[in-house]
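Readers should treat all values here as calculations from the given coordinates under stated rules, not as data from a laboratory. Predicted model only: the values in this text are computed from it and were never measured. Neighbour counts run over all protein chains shown; Cβ positions are idealised from the backbone, glycine included.
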Amino acid sequence: MINLISYTKLRTALLLLLVSLLVLPQAWAQQNSAATLQKLDAYYQKALKDWDVPGMAIAIVKNDSVIFAKGYGVLNNKTGGQVDANTVFGIASNSKAYTAAALATLVDQGKLKWDDKVKKYVPYLQLYDPFVTENLTIEDLLSHRVGFKTFSGDLLWYNTTYSRPEIIERMRYLEPVYGFRDGYGYSNLMFITAGEVIEQVSGKSWENYIQETFFQPLGMSRSYTSVNDLKNVQNVASPHGFDANKKPYATTLTAWDNWNPAAGIFTSVNQQAQWMRLQLNRGKYKNQQIFSEDASRNMWAMHNPLPVSKQAEAINPSTHFVGTGLGWFVSDYEGRKLVYHGGGHEGMNSRTVLVPEENLGVVILTNSMSSIMSPLASYTLDQLLEVENGRDWSQFYLDNMAKAKQAEAAAAAKAPKEKKKKSKPTRDLKDYTGTYHSQMYGNATVTLKDGKLHLQLEPAPALNGTLDFWQHDIFNLDWKNDFALLHPTNVRFLAGEDGAISQMRLDSDNPDFHFSELDFEKVN
């Protein structure tokens, strides 16, 4: 017979062993997580210096909790100010997911359907083709498949006084580059149109609807829908452009309220973390279901598949598909589905990445126009997903940028040197003056003052400058305002059959704006 005391001791020991087996893995996981976050913290600090970024903030959400939120660097590289997790940045196109979710709430309320025709709510919509105009749906607006090339028509909102309806009415003059629903072209204009749908259906402005539907229930009290809302707000990051030596310099924010449904939100990583919690919980925040699980699944479904390029495949062999959701991009990485988007404001770049099956989200906000957010997001995922032999993504990007710069310099060195020609304009400067009209854009004027030609784009009062003669009928445009998104631009005048100047073209190697879409005809 087993001794009762010995049996009791044995049972107690077994119970203690069982408890220890349950507790130790959890304790180990917590310690391992803490070590990983410390490693990430050090990595972020180093990357900030390596990339020469003024400031940034990063937050990580895991299992419905914010496990990391911290700021790095300065608000402004001239005046200083410490960035923290509550610093407000422009999140630019990360705003598109808010617009898509706003439409989702209206679908849940039975006020519209995903496959509803946009024309039903925006009767003044008219695109390049009557069939497209009549058949464009809500889902088409949110998945970049209407037929435009990437960023087509963006000069309609950039610094212009055009209202959203006026922008939509002018889209009829934009030419497609692929068939309807038969390609991909990133379109801010379609999200501006989506904002108009929200206003028509809800009876509220896009700004008010976003604030009431998302900011208020999520406690996002330091989130804003316009630059104009930031006037008396403290702890706001300044945007930074690049000077001629690729060094960051501080600029100022410009209010472009006509583009807000596409890219108008300002918030912090602490606040955006609440948005990620809502998304990862399939539309539920704490005890409130803000949009349905069905809506979440539809927004994260692939609506427009994109090819995986050979280069992308070489960089990320584990990625097998890429496409657009509704207000999101979707792809796979290391066996997990990713839901993500980036943002590019003038002087601020950002990125939000969700890994739904891991209940994981990462947001990176910067006051720089560099691409630092992409390698940091990738490195963060590698560490938290415990990817074996993960790459040093920051150094990988920097090395590739350096190689590209060297190749560019080598090509420039081999190119024949262009000798500056001693020439004069082919005609008197007053012959270039006048009013030039673009059907899509509006008027531009060229005037002569103090022996210099001046160009003014009338829809955008801030877009003007002086014209310095280069050769033939081509002038260099010296923009008066040093906006970070403006690139060197030439103004080319064309003569008609009678030999007189009849047209004007703006030539700019600008990845953000297609000045070639402005076909100016001289009207007087």
Local electrostatic count at V107 - Lys and Arg +1, Asp and Glu -1, tallied over other residues with Cβ under 13 Å: -3
Ranking of E357, E196 by count of other Cβ atoms within 10 Å, fewest first: E357, E196
Fully extended contour minus Cα-Cα distance, from N232 to F321, at 0.36 nm per residue: 27.6 nm
Paired Rg and Dmax values of region 326-415, which use every Cα atom, in angstrom: 15.7, 52
Distance between region 383-453 and region 99-132 - C-alpha centres, whole angstrom: 38 Å
Under-5 Å amide H pairs with K480, H placed in peptide plane, nonlocal only: N464, G465, T466
Rg over Rh [alpha-carbon atoms, Kirkwood Rh] for the chain: 1.05
Folded to 0 to 90 degrees: helix 96-108 orientation relative to the chain principal axis, Cα: 70 degrees
Packing-based ranking, highest mean first, of 176-183, 399-406 given that Cβ atoms within 10 Å are counted: 176-183, 399-406
Principal-axis tilt of helix 188-202 within the chain, Cα atoms, nearest 10 degrees: 70 degrees
Proximal aspartates and glutamates to K284, defined as alpha-carbon separation beneath 19 angstrom and excluding residues fewer than eight positions away on the same chain: D64, D108, E212, E293, D294, E357, E358
Cross-link reach list, lysines versus K424, counting only Cα pairs under 17 Å and skipping chain neighbours closer than eight places: K452
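Over 31 Å between Cα atoms: which of K78/K480; K414/K522; K247/K480; K70/K310; K117/K286; K113/K337 fall into that group?
Violating the 31 Å Cα-Cα cut-off are K414/K522; K70/K310; K117/K286.
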Amide proton proximity set for S502, modelled H, under 5 Å, gap of 5+: L494, A495, G496
Residues whose placed amide H lies under 5 Å from that of L453, excluding near-sequence neighbours: L467
